[in-house]
Amino acid sequence: MIVVLLLIGLAAGILGGLVGIGGGIIIVPSLIYFLSFSQKEAQGTSLGILLLPVGILGVLQFYKAGYVDMRTVWLVSFGFLVGSYFGSKIALSFSQETVRKIFAILMILIALKMLFLDKKPEDNEVRDATTANTM
């Protein structure tokens with residue numbers, strides 16, 4: 001079990017550092033399917049992992065390169081703090097099955113948006129080039 005947990009953390013950390021994801025996309029499904037956690041146990045454990053400063057080394061690398069907007073970090077963190085309180089209250093009021101379905105639907109919607117509705121790559125490349133020139 002320790003090896004599985006370390007591998008889940010490693011995968012989430014690599015993907016988190018690589019593309020900014022990890023918790024909901026890697027940790028929650030892995031805890032459910034590999035370790036038989038309930039949906040609520042997986043979500044609560046994922047929050048416990050993410051609320052500790054486990055990503056600090058990845059953040060420092062991006063910060064040193066000038067890619068961390070600290071104002072945004074603090075504002076989103078405050079919103080996350082408040083939102084996680086209310087979100088957890090709502091999740092705990094639903095059944096396991098309902099929470100699992102909400103999670104699955106959300107993942108499908110995000111995937112569909114990324115596949116069909118996101119802007120063209122050229123738009124993002126222009127923004128990256130503009131940002132790099134202003135540093």
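The values are calculated or read from the model by the stated rules, or taken from the named source; none is laboratory data. The shown structure was predicted, so the numbers you read here are calculated from the model rather than taken from an experiment. Cβ coordinates were reconstructed from backbone atoms using ideal geometry, including for glycine residues, and neighbour counts include every protein chain displayed.
Name every residue in region 30-43 that is buried (at least 16 other Cβ atoms within 10 Å of the Cβ) and either modelled with pLDDT under 85 or of a type outside the set (D, E, K, R) (or both), in order of residue number.
Within region 30-43, S30, L31, I32, F37, Q39, A42, Q43 meet the criteria.
Taking the condition buried (at least 17 other Cβ atoms within 10 Å of the Cβ), at pLDDT below 85, under 14 Å from the mean Cα position of the chain (by Cα) and in a helix (DSSP H, G or I), does L18 pass?
Against the criterion (buried (at least 17 other Cβ atoms within 10 Å of the Cβ), at pLDDT below 85, under 14 Å from the mean Cα position of the chain (by Cα) and in a helix (DSSP H, G or I)), L18 does not qualify.
Go through region 49-135 and tell me which helices (runs of 4 or more DSSP H), entirely inside it, have 3 or more residues that are at pLDDT below 80, hydroxyl-bearing (S, T, Y) and in contact with a helix residue (DSSP H, G or I) (Cβ under 9 Å, 6 or more places away or on another chain).
The helices (runs of 4 or more DSSP H) meeting that bar number zero.
Every residue, every condition in (1) under 18 Å from S46 (Cβ atoms); (2) in contact (Cβ under 8 Å) with a residue 12 or more places away in the chain, yes or no:
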position: L60; (1), (2): no, no
position: K64; (1), (2): no, no
position: D69; (1), (2): no, no
position: G83; (1), (2): yes, no
position: S93; (1), (2): no, no
position: R100; (1), (2): yes, yes
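Among M114, M1, which is the only one that is free of Cβ contacts under 8 Å to residues at least 12 places away in the same chain, out of contact with any His (no Cβ under 9 Å at 6 or more places or on another chain) and not charged (D, E, K, R)?
Just a single option satisfies the conditions, and that option is M114.
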